[in-house]
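Single-structure report; data block below.
The values are calculated or read from the model by the stated rules, or taken from the named source; none is laboratory data. Nothing here was measured: the structure is a model prediction, and the numbers come from that model. Cβ atoms come from the backbone with ideal geometry, glycine included; neighbour counts cover every protein chain shown. Areas reflect the complete protein model, heavy atoms only, side chains present, ligands, DNA and RNA absent. Shrake-Rupley method; radii C 1.70, N 1.55, O 1.52, S 1.80 Å.
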Amino acid sequence: GQQVMQIPQYQHVQEGEDFTTYCNSSTTLSNIQWYKQRPGGHPVFLIQLVKSGEVKKQKRLTFQFGEAKKNSSLHITATQTTDVGTYFCAGPRWGEIIFGKGTRLHILP
Amino acid sequence: SQTIHQWPATLVQPVGSPLSLECTVEGTSNPNLYWYRQAAGRGLQLLFYSIGIDQISSEVPQNLSASRPQDRQFILSSKKLLLSDSGFYLCAWKGGHTEAFFGQGTRLTVV
């Protein structure tokens, strides 16, 4: 069945360094969504990408959707302590939402 | 505006006891509803999803069940809890092609 894979599982960065997480699907996706879960909290929607090759920015966050619509990435420039959390990508499968396992970001002061 | 309520926030239950977690959505009609489980430090495992009243799809065979007695009510149940049922349970709703909105979650510890 359809799988959404995400790497790396964990990432430790010094505050101010950049961070990237990658998402790959076994099948072509109609869209991909990104969520952030703060420690102890629930996932919160960040953005949705729909078009092949689409790039969207939210302040220091840059999201890309691959040309084949099977992969995506989230890049954070100059990380801050507020970026701590787990970032999930998610793809639709019929009525379901299939999440990747997430990338947990730790910021070292 | 739409809101999602999930309770309780935390729960400690003995092995073999029953479970009932409730989730309700306000401000929307005919939402897709989901139950996810998240083990400590792990990803989101889809347990059940529902596209309508009494329409439940199960992703993982286990001792949990779900019901949707009303359009905006989704219930997760178990007759006898196992230690392995401990985790963070999240209810979510989604309409059309929009994003998913999650409840605050229930942290279940089976002892």
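Could you tell me whether residue A:70 is over 24 Å from residue B:38 (Cβ atoms) and touching a residue at least 24 places away in the same chain (Cβ under 8 Å)?
Spelling it out, residue A:70 is indeed over 24 Å from residue B:38 (Cβ atoms) and touching a residue at least 24 places away in the same chain (Cβ under 8 Å).
For the stretch B:43-66, which positions are more than 8 Å from chain A (Cβ to nearest Cβ), out of contact with any helix residue (DSSP H, G or I) (no Cβ under 9 Å at 6 or more places or on another chain) and either surrounded by 14 or more Cβ atoms within 10 Å (Cβ to Cβ) or in a loop (DSSP other than H, G, I, E, B) (or both)?
Selection gives B:45, B:47, B:48, B:50, B:53, B:54, B:56, B:58, B:60, B:61, B:65, B:66.
Has the stretch B:29-39 got any residue that is among the aromatic types (Phe, Trp, Tyr), under 24 Å from residue A:102 (Cα atoms) and more than 11 Å from every other protein chain (Cβ to nearest Cβ)?
yes
Working only within the stretch A:55-98, note down all residues that are charged (D, E, K, R) and either facing chain B (nearest Cβ under 9 Å) or surrounded by 14 or more Cβ atoms within 10 Å (Cβ to Cβ) (or both).
Scanning the stretch A:55-98 gives A:56, A:60, A:69, A:70, A:83, A:93, A:96.
Please state which of the following conditions residue A:29 fails to meet, knowing it meets all the rest: (1) in contact (Cβ under 8 Å) with a residue 40 or more places away in the chain; (2) buried (at least 19 other Cβ atoms within 10 Å of the Cβ); (3) closer than 26 Å to residue B:39 by Cα.
(3)
Residue A:29 passes all but one of (1) within 14 Å of chain B (Cβ to nearest Cβ); (2) touching a Lys or Arg at 6+ places or on another chain (Cβ under 7 Å); (3) over 24 Å from residue A:95 (Cβ atoms); which number fails?
Exception for residue A:29: condition (3).
Look at residue A:101 and say whether it is basic (Lys, Arg), surrounded by fewer than 19 Cβ atoms within 10 Å (Cβ to Cβ) and closer than 24 Å to residue B:103 by Cβ.
yes
Condition test on residue A:45, is it crowded, with 21+ Cβ neighbours inside 10 Å, closer than 26 Å to residue B:49 by Cα and at pLDDT 95 or above?
Judged against the criteria, residue A:45 is not a match.
Run residue A:16 past the list (1) open to solvent by less than 60 Å² (accessible area, probe 1.4 Å); (2) in a loop (DSSP other than H, G, I, E, B); (3) in contact with a Gly (Cβ under 9 Å, 6 or more places away or on another chain) and report the number of the one that doesn't hold.
It is condition (3) that residue A:16 fails.
So residue B:92 fits all but one of (1) within 14 Å of chain A (Cβ to nearest Cβ); (2) closer than 23 Å to residue A:41 by Cα; (3) at pLDDT below 95; what number is the exception?
(3)
Pairs please, first residue from the stretch A:6-26 and under 17 Å from residue A:82 (Cα atoms) and modelled with pLDDT of 95 or more, second anywhere and part of a loop (DSSP other than H, G, I, E, B) and of a type in the set (A, V, I, L, M), Cβ atoms under 8 Å, 6+ apart in sequence or on different chains.
Filtered contacts from the stretch A:6-26: A:16/A:78; A:17/A:78; A:18/A:78.
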